[in-house]
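Just so you know, all these numbers are worked out from the coordinates, no wet-lab data involved. The structure displayed is predicted, hence computed values, not measured ones.
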Amino acid sequence: MDILRHICTEGCTEVGPVGQAPAKSPCPAYATCRGLQLLIRHFSRCKSRATCPRCQRMWQLLRLHAALCRVPDGHCNTPLCTQFKLKEQQKEAMSASVAAKAGDGRWGLLVKKVKAVSVMSSLGKRSSPSQCC
């Protein structure tokens, strides 16, 4: 998720935010960025996004980003973030439909797990205060 945010806000060597040229030099996480950049480029050019397995993976990443995104609506540079947030709000408003809930159990579990991992990793990055004896 961090790499997706990095590419959509700062840009990397091949893909960058709208209206901004991609960076000329590779970032420190270039190996990971490269794979996601190739996926984004494929997603932007693919004619069969609904059935393509690679595009379905990109849809999942974008939806997961929207579920975890804390940036106010309209201010996130990640594509489709606002649309996915609005769609999720509409789903919650119409939660009486059993058909809509059928596949969301696993999705909700995935979002909760990714949030937990995100919190735990941010706790690990914090510097612990020095202990005095």
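Can you tell me the mean projection area, over all orientations, of the convex hull of region 1-83's alpha carbons? Units nm², please.
Taking a quarter of the hull surface, the average projection is 5.5 nm².
Among the listed pairs 91/115; 47/87; 24/91; 47/91; 47/85; 24/115, which have their C-alpha atoms separated by more than 31 angstrom in this model?
24/91; 24/115
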